[in-house]
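Okay, structure first, notes after.
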Amino acid sequence: MKKLMLIFLTISIVLLTGCWDQKLLKDARLVYGSAFDLAEDGRIHTTAAIRTLQRIGPSGGGKPVNELVTAEGDTVRETRMKMDEKVSGTFSAEKNRIFLLGEDLAKQDIYSVFDILYRTPESNLSASVGIVNGKASDILKMSKKGETLISEYTYELIESAVQHTTVPHENIQSICTLMFDPGRDFVLPLLDKRDNEVAVDGVGLIHGRKYTGHKLSNEQAGLFLLLDDNYGKTARFVKKVNKGQKPDINNYVTVNVMNSKRKLDVQAKGRNVKVSIGLQLNLTVNEYPLDTLAKKTTIKDLDKKLSEKFTNEAKEVVSKLQEANCDALGIGRNLIAFHNETWKQLDWEKDYPTITIIPKIHVNILGSGIIQ
Amino acid sequence: MRKLLKRKSKKTTKSRPYFSHPENHEPVSTNMEENKRFVEEQLFHTSDLFHKELTFNGKKILLLYLRTLVDQEKLQNFVIRPINRTKAGELSETINSSEVINTSDLNEAIVGLMKGHCILISENSETIYIVSVIANKYRNIDQPVSEQIIRGSHEGFIESMLVNLYLIRKRVENRNLTIKYFTLGKATQTKVALVYVNNLANPEIIKEVEKRLNAIDTDSIQSPGFIEEYIEDSPYSPFPQLLNTERPDRTGGHLLEGRFAIVMEGSPTVLIAPITLFAFYQSPDDYNSRWYIGSFFRTVRLASFLISMGLPAIYISIVSFHFEVIPIDLIFQIKNSLENVPFPPLFEAIMMVIILELLREASIRLPPSIAQTIGVVGGLVIGTAVVEASLVSNTMIIVIALTAISSFVVPSNEMSTTIRLLSFPLMIGAATLGFFGIIFFLTLILMHLCKLKSFGTPYFAPFAPFNPEGIKDTFIRLPIWKMNKRPLDSRPQHLNRERFSRKWKKNDKETE
């Protein structure tokens with residue numbers, strides 16, 4: 001009798017408690033991309049692109065379509081609740097691949113928008129983040145770019161930019177720690193909508209939890225990532241090395257970075273901090289119509305010219321970083337670890353823009369393609 | 001409770017069994033006709049009782065036999081012809097058979113008749129000769145249909161115990177191979193043989209199985225399944241605790257690991273115990289091919305164990321609780337196939353599983369030519385139509401099909417069914433509590449496996465209790481020359497089974 005009772009109780013525990021937190025995939029409305037903007041009077045305006053497949057036959061498959069939902073509220077959760085009321089099924093952001101922030105909202109505070117993502121266990125922490133010049137919702141409103149849905153397109157745009165060493169590989173998870181790190185800042189991909197096109201427009205410099213409004217162009221961003229030892233899969237640069245050649249195209253060289261070696265040297269004496277960044281770039285020439293690359297002198301000449309150019313540009317990048325007070329190279333972290341006394345004396349917020357950072361780039365051309 | 005048991009046991013000893021073997025001695029009368037009449041009456045004038053009168057030493061001899069059990073040719077060559085030719089002498093020497101018994105008990109003679117012997121009753125004599133002339137109607141020693149392999153021996157057990165024991169003896173040519181006969185079932189008088197290697201099998205286990213076999217008190221034993229249910233340790237466990245096999249090579253292998261086998265007259269299935277869970281996943285094929293291949297198939301088979309038990313449950317819990325674990329490129333396809341299905345995933349899965357079991361069951365009972373039609377109707381028509389009608393989603397069909405295929409991978413049929421049955425509680429767990437429910441039920445199953453014993457030896461060995469040496473023959477099959485020790489679970493008397501067979505390599509190096 002006791003045994004029977006026990007079995008009965010076990011079964012009822014399982015059967016009676018079950019299903020209450022069930023969330024069926026069938027009923028879920030999956031959001032692929034979200035855009036957050038600052039509405040008037042400080043409220044938050046959220047746009048979500050829900051991806052569905054337009055059913056063609058009964059056996060699955062179909063044409064993907066985007067459905068846009070927007071809502072305005074005081075918090076992100078409130079906008080979600082409002083959007084849930086507007087869609088059939090359950091609004092689920094578990095598979096959200098991309099979060100876009102409007103310029104104004106990013107300048108206010110990034111963390112407060114993403115707080116909701118860090119608190120719920122289901123959220124997709126590997127989603128990409130991007131800042132949009134102007135309003136983020138404008139991009140999602142395009143709905144489609146060619147045959148691709150805009151949310152997917154944007155995600156892939158950023159992914160390919162990461163591979164081309166144009167933007168850093170950051171996601172919701174990785175920026176979380178950086179936002180609270182006093183010794184390191186970060187940069188986020190900047191997206192721009194012009195006419196009917198979306199393009200990566202360099203990176204936006206973040207300081208602390210805020211977007212500074214300063215940005216690096218695509219070319220500068222690539223150089224910055226190399227200085228940060230953050231090489232993607234390829235990195236290409238086009239540089240003007242000659243003058244007066246005809247046609248004009250002969251003045252330029254396109255190089256591909258094969259590999260790079262960075263050395264960050266931080267020297268601290270009292271309150272004096274001197275940073276030198278040595279970067280060795282091994283390149284192959286992708287394009288050089290003037291040729292004569294078989295000659296050692298030409299190569300040496302190019303090496304010298306490119307080294308100079310890269311170093312000058314790096315100096316510009318560094319000054320921009322300092323101007324934005326964005327310590328994306330992690331010099332502060334280096335100080336905390338190796339020169340703690342100095343770190344304690346410094347007020348990094350104020351002192352970072354004033355320290356000396358000297359980048360030096362040495363270029364070494366190793367390949368010239370398969371023609372002689 | 002105890003009182004009740006006592007009363008019950010008293011009752012059974014008191015009541016007379018209806019099929020009791022006549023133990024009373026019935027003396028042979030000197031009157032031949034009277035003896036004949038007695039035999040006829042005892043057999044209720046059965047029509048297949050034939051008799052023939054012969055003359056020997058000038059005396060009449062009555063030959064009685066059951067026509068249905070006797071080989072006519074043997075009877076003619078070994079009994080009738082020698083008697084007719086010799087005419088005089090000693091009867092037992094005249095008859096050309098190795099098995100001549102003389103008795104003065106008519107009842108024993110009747111038992112002999114039932115076994116396919118013929119009896120010779122002489123005039124004015126109190127001795128009856130019983131001569132074995134049984135007809136041997138055996139089928140060929142073919143490869144068992146249920147346990148086919150690619151390479152290696154293609155012998156299989158048949159319905160005759162003698163032939164089966166012959167196959168075992170031939171495989172294990174060793175004086176230590178011991179065979180013990182038991183007679184079980186009061187009505188059927190089924191012959192059962194317990195086979196083991198005397199210097200390997202643990203005497204305690206042999207004593208235990210003898211005790212259990214002797215305790216069997218029943219009218220009939222119709223199949224080894226009866227014996228299995230009488231002697232297994234935990235009758236309520238879902239896991240089979242004796243290995244059923246029709247393969248002599250498998251039986252021989254297990255005997256040499258210190259296990260015992262039970263062979264039954266009239267059944268090609270041999271029971272092997274004590275056994276572990278992993279033995280159900282071993283196939284003679286593993287040992288016939290090289291160890292890489294053997295290991296690969298072992299891994300595939302053990303993966304099939306997990307797939308057939310867990311895949312439907314995992315799928316159900318994913319689509320109803322944790323869809324965030326599906327990769328983004330896949331989720332929309334799955335979601336789309338689910339969109340129009342009106343049932344909850346659990347119901348969908350159970351429906352498909354039932355359809356599958358129906359198809360399987362139907363195709364077993366039907367002749368092969370019609371079974372093919374069932375395959376087409378079931379697989380193609382129902383499979384596609386069910387999806388077209390949006391009763392079941394596409395993905396669910398894939399999941400259930402995968403589950404079914406993996407369950408058929410198991411070399412042992414009863415284990416395959418067990419696994420499919422065990423997937424049901426897992427599915428219910430998954431549908432109520434998600435991943436947590438699966439883990440909950442898996443934990444219960446694991447606890448049960450750790451506790452389960454087969455003839456007092458651990459069922460989940462070599463994992464519980466953990467024995468690193470034993471793992472060499474579980475998920476993988478290491479080279480034979482690495483497996484120097486017998487498995488510990490059967491507690492054999494000698495552990496070492498292999499010394500240093502590849503010493504030639506060392507010798508070669510030394511001479512170089």
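The values are calculated or read from the model by the stated rules, or taken from the named source; none is laboratory data. What you see is a predicted model; the values in this text were computed from it and never measured. Using ideal geometry, Cβ is built from the backbone for each residue, glycine included, and neighbour counts are taken over all protein chains shown.
For this structure, a couple of remarks:
Per-residue answers, yes or no, for (1) closer than 22 Å to residue A:180 by Cα; (2) exposed (fewer than 15 other Cβ atoms within 10 Å of the Cβ):
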residue	(1), (2)
A:31	no, no
A:35	no, no
A:41	no, yes
A:93	no, no
A:99	yes, no
A:102	yes, no
A:114	yes, no
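- Hits in the stretch B:483-500 (condition: touching a helix residue (DSSP H, G or I) at 6+ places or on another chain (Cβ under 8 Å), charged (D, E, K, R) and closer than 17 Å to residue B:282 by Cβ): B:485, B:489
- Residues satisfying the stated conditions in the stretch B:368-387, i.e. small (Gly, Ala, Ser) and more than 14 Å from chain A (Cβ to nearest Cβ): B:369, B:371, B:375, B:378, B:379
- Residue within the stretch B:279-287 that is buried (at least 22 other Cβ atoms within 10 Å of the Cβ), farther than 19 Å from residue B:479 by Cα and not small (Gly, Ala, Ser) present: yes
- When residues of the stretch A:71-91 are limited to those that are outside any loop (DSSP other than H, G, I, E, B) and within 14 Å of chain B (Cβ to nearest Cβ), the one surrounded by the fewest Cβ atoms within 10 Å (Cβ to Cβ): A:90
- The residues listed here are B:265, B:348; of these, the one that is of a type in the set (D, E, K, R) and over 23 Å from the mean Cα position of the chain (by Cα) is B:348.
- Among the criteria (1) in contact with a Ser or Thr (Cβ under 7 Å, 6 or more places away or on another chain); (2) modelled with pLDDT under 90; (3) not basic (Lys, Arg), the one residue A:158 does not fulfil is (2).
- The residues of the stretch B:214-225 that are farther than 16 Å from residue B:159 by Cα and of a type in the set (A, V, I, L, M, F, W, C), listed by number, are B:215, B:216.
- Cβ-Cβ distances below 8 Å connect the following pairs, each with a first residue in the stretch B:42-59 that is part of a loop (DSSP other than H, G, I, E, B), a second residue that is among the hydroxyl-bearing types (Ser, Thr, Tyr) and loosely packed, with under 13 Cβ neighbours inside 10 Å, and a separation of six or more residues or different chains: B:48/B:68.
- Checking residue B:261 against (1) in contact with a Pro (Cβ under 8 Å, 6 or more places away or on another chain); (2) not in a helix (DSSP H, G or I), the condition it does not meet: (1)
- Scanning the stretch B:34-80 for residues that are exposed (fewer than 14 other Cβ atoms within 10 Å of the Cβ), among the hydroxyl-bearing types (Ser, Thr, Tyr) and within 14 Å of residue B:117 (Cα to Cα) yields a single hit, B:68.
- One residue alone among A:203, A:187 is buried (at least 19 other Cβ atoms within 10 Å of the Cβ) and free of Cβ contacts under 8 Å to residues at least 40 places away in the same chain, and that residue is A:203.
- Looking across the stretch B:112-135, not a single residue is at pLDDT 85 or above, out of contact with any strand residue (DSSP E or B) (no Cβ under 7 Å at 6 or more places or on another chain) and under 15 Å from residue B:27 (Cα atoms).
- Where a residue in the stretch B:146-167 is basic (Lys, Arg) and its partner, wherever it lies, is at pLDDT below 90 and assigned to a loop (DSSP other than H, G, I, E, B), with Cβ under 8 Å and at least six apart: B:151/B:289
- Any hit, the stretch B:368-387, residues being buried (at least 16 other Cβ atoms within 10 Å of the Cβ), within 29 Å of the chain's Cα centre (by Cα), at pLDDT 90 or above and more than 29 Å from residue B:251 (Cα to Cα): no
- In the stretch B:388-426, the residue that is nearest to the other protein chains (Cβ to nearest Cβ) out of those that are β-branched (Val, Ile, Thr) and in contact with a Pro (Cβ under 6 Å, 6 or more places away or on another chain) is B:399.
- Residue within the stretch B:331-342 that is β-branched (Val, Ile, Thr), assigned to a helix (DSSP H, G or I) and modelled with pLDDT under 90 present: yes
- Restricting B:405, B:480, B:439, B:445 to residues that are more than 25 Å from residue B:244 (Cα to Cα) and touching a helix residue (DSSP H, G or I) at 6+ places or on another chain (Cβ under 9 Å) narrows the list to B:439.
- Screening residue A:300 with (1) surrounded by 13 or more Cβ atoms within 10 Å (Cβ to Cβ); (2) assigned to a helix (DSSP H, G or I) gives one miss only, at (1).
- Candidate set: the stretch B:91-114, residues that are within 15 Å of residue B:125 (Cβ to Cβ) and hydroxyl-bearing (Ser, Thr, Tyr); chosen: the one farthest from the chain's Cα centre (by Cα): B:94
- Which numbered condition residue B:362 misses (of (1) within 22 Å of residue B:147 (Cα to Cα); (2) within 14 Å of chain A (Cβ to nearest Cβ)): (2)
- Residue list for the stretch B:187-244, restricted to those being hydrophobic (A, V, I, L, M, F, W, C), at pLDDT 90 or above and farther than 21 Å from residue B:163 by Cα: B:200, B:201, B:205, B:206, B:209, B:213, B:215, B:216, B:226, B:231, B:239, B:242
- Residue match in the stretch A:324-336 (condition: at positive phi, among the polar types (S, T, N, Q) and under 29 Å from the mean Cα position of the chain (by Cα)): yes
- Hits in the stretch A:317-349 - residues which are surrounded by fewer than 14 Cβ atoms within 10 Å (Cβ to Cβ) and under 15 Å from residue A:227 (Cα atoms): A:319
- Residue check for residue B:408: part of a helix (DSSP H, G or I), on the phi < 0 side of the Ramachandran plot and surrounded by fewer than 15 Cβ atoms within 10 Å (Cβ to Cβ): yes
- Test: residue in the stretch A:231-238 that is of a type outside the set (Gly, Ala, Ser) and over 24 Å from residue A:281 (Cα atoms): no
- When we screen A:125, A:68 for residues that are surrounded by fewer than 21 Cβ atoms within 10 Å (Cβ to Cβ) and either among the aromatic types (Phe, Trp, Tyr) or within 14 Å of another protein chain (Cβ to nearest Cβ) (or both), the only hit is A:125.
- Matching residues in the stretch B:319-359 - criterion: being touching a residue at least 24 places away in the same chain (Cβ under 8 Å), more than 9 Å from every other protein chain (Cβ to nearest Cβ) and among the β-branched types (Val, Ile, Thr): B:350, B:353, B:355
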